[in-house]
Amino acid sequence: MARPEKTDPVPVCLDADVLIAGLLSRTGASHAILVLGEIGLLHLVLSAAAVEGVRRNLSAKLPEAVPLFEEFLRAVPVTIHRPTLRDRDRAPELADPKDVPILATAIGSGARLLVTHNVRHFRSGEGVRVVRPRTLIEEARAWMGSFGR
């Protein structure tokens, strides 16, 4: 990942699994990514499909966590993106069919990274690199450590 300017939040698209993991655990890379979004070092981009998927999964499996997710959406600056047909047309060869809306969101929003625990469901391409949360955190540490040098 190229080192951004200090004031430029890095746009990253998050898969639903990263959102759920980050909300439900106060440790780990997924939670750290949400915190970096909250403090403005990352610009979090969410697909409308991922937001609905998180709501659906939490409602079915952990209904007590739904208010936590809704508070996150209100408190943290996120962009909820609905990909265009053109974006979707660029994604089918790079994602499992059910995950096309997520990759199409990354493509259409200009996010250069798609962060997911399910890297096997995606392939990098169309200007988007697919990474695990831990990889993003390791790279973020490197470029934040270079600030002030």
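The values are calculated or read from the model by the stated rules, or taken from the named source; none is laboratory data. Predicted model only: the values in this text are computed from it and were never measured. Using ideal geometry, Cβ is built from the backbone for each residue, glycine included, and neighbour counts are taken over all protein chains shown. Heavy atoms of the whole protein, side chains included, go into the accessibility calculation; ligands, DNA and RNA do not. Shrake-Rupley method; radii C 1.70, N 1.55, O 1.52, S 1.80 Å.
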Report the residue count in region 24-35 for those that are hydrophobic (A, V, I, L, M, F, W, C) and open to solvent by less than 20 Å² (accessible area, probe 1.4 Å).
2
Taking the criterion of being open to solvent by 60 Å² or more (accessible area, probe 1.4 Å), in a helix (DSSP H, G or I) and touching a Leu at 6+ places or on another chain (Cβ under 7 Å), would at least one residue in region 56-76 satisfy it?
yes
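Please specify each residue of region 77-92 satisfying the condition of being free of Cβ contacts under 8 Å to residues at least 24 places away in the same chain and open to solvent by 80 Å² or more (accessible area, probe 1.4 Å).
The initial filter retains those residues of region 77-92 that are free of Cβ contacts under 8 Å to residues at least 24 places away in the same chain, namely 85-89, 92.
Selection gives L85, R86, R88, D89.
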Does region 7-19 hold any residues that are in a helix (DSSP H, G or I) and surrounded by fewer than 22 Cβ atoms within 10 Å (Cβ to Cβ), and which are they?
D17
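Table: residues versus (1) free of Cβ contacts under 8 Å to residues at least 24 places away in the same chain; (2) aromatic (F, W, Y); (3) surrounded by 20 or more Cβ atoms within 10 Å (Cβ to Cβ).
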position	(1), (2), (3)
I107	no, no, yes
G110	no, no, no
L113	no, no, yes
R123	no, no, no
P133	no, no, yes
A140	no, no, yes
G145	yes, no, no
Quick check on region 99-108. Is at least one of its residues under 17 Å from the mean Cα position of the chain (by Cα), farther than 18 Å from P11 by Cα and outside any helix (DSSP H, G or I)?
no
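Does V45 count as open to solvent by less than 10 Å² (accessible area, probe 1.4 Å) and in contact with a His (Cβ under 7 Å, 6 or more places away or on another chain)?
Working: open to solvent by less than 10 Å² (accessible area, probe 1.4 Å): yes; in contact with a His (Cβ under 7 Å, 6 or more places away or on another chain): yes.
Yes: the conditions hold for V45.
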